[in-house]
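Trainee: Structure provided below as structure tokens; questions to follow.
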Amino acid sequence: QVQLVESGGGLVQVGDSLRVSCAASGRTFNAMGWFRQAPGKEREFVAGINLIGSRAYGADSVKGRFTISRDNPKNTIYLRMNTLQPEDTAVYYCAARTGSNIYSSGASYSYWGQGIQVTVSS
């Protein structure tokens, strides 16, 4: 059974850092990534990484603050989020695909986690 399980979310203060994780089981994926969806907004691509460590980041607002990384033996990806702002509040979803290309469209990913809440309080 293929599963993506996110962990590490929660409530933090403005300026805090947080690391969320996504552990895959059941198979090895090549490209994996993070999307987020805030209340009343469309889902947006945050960051992606593939097996050889190529990375891509989405919105300009996260570039320089968020870092995606990967532990291949553990089949796990991480998203380190620094200097968190209230606008980072969202449900964060892990997504995975078998191909190596990192896409910003959610439709390109076949597997999804259940989502994890990140709330940044001012």
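Trainee: Translational D (Stokes-Einstein, µm²/s) of the chain at 37 °C and 0.692 mPa s when Rh comes from the Kirkwood sum over C-alpha pairs?
Mentor: D, rounded to a whole number, is 233 µm²/s.
Trainee: Which of the GluC sites (Glu not before Pro) found in the range 1-57 are loop residues per DSSP with 12 or fewer other Cβ atoms within 10 Å of their Cβ?
Mentor: Glu42
Trainee: Ignoring ligands, DNA and RNA, please state the percent of accessible area on the chain from carbon and sulfur, probe 1.4 Å.
Mentor: Exposed carbon and sulfur together represent 44 percent of the surface.
Trainee: Also, quick follow-up: If I model a spin label as a point 7 Å beyond the Cα along the Cα-Cβ vector, how far apart are those points for Arg27 and Ala107 in nm?
Mentor: Result for the modelled spin labels: 2.1 nm.
Trainee: Students often get this wrong: which residues of the range 70-100 have the backbone nitrogen under 16 Å from the point 7 angstrom along Cα-to-C-beta of Arg43?
Mentor: Output list for this probe position: 90-98.
Trainee: Follow-up question, since we're still on this one. Using protein chains only and a probe of 1.4 angstrom, how many square angstrom of Lys41 are accessible, to the nearest 10?
Mentor: Roll a 1.4 Å probe over it and Lys41 shows about 130 Å².
Trainee: Might you report the magnitude of the Cβ-based charge dipole of the chain about its Cα centre, with Lys and Arg at +1 and Asp and Glu at -1, to the nearest 20 debye?
Mentor: Charge dipole, the chain, about its Cα centre: 320 debye, nearest 20.
Trainee: Next question. Separation of the range 90-122 and the range 29-74 by C-alpha centroid, Å?
Mentor: First find each Cα centre; the distance between them is then 7 Å.
Trainee: Applying 1/(1 + (r/R0)^6) with R0 = 41 Å to the Cβ-Cβ distance of Gln3 and Thr83, what FRET efficiency is obtained, to the nearest 0.05?
Mentor: Calculated transfer efficiency: 0.85.
Trainee: How much accessible area per residue does the chain have, in Å², with a 1.4 Å probe?
Mentor: Averaged over the residues of the chain, the accessible area is 49 Å².
Trainee: Volume per residue, Å³, of the convex hull around the alpha-carbon atoms of the range 52-122?
Mentor: With only Cα atoms used, the range 52-122 gives 108 Å³ per residue.
The values are calculated or read from the model by the stated rules, or taken from the named source; none is laboratory data. Just so we're clear, the structure is a prediction, and the values are computed from it rather than from any experiment. Cβ sites come from the backbone with ideal geometry, for glycine too, and all protein chains shown count toward neighbours. Surface areas here come from the heavy atoms of the whole protein model, side chains and all, with no ligands, DNA or RNA. Shrake-Rupley method; radii C 1.70, N 1.55, O 1.52, S 1.80 Å.
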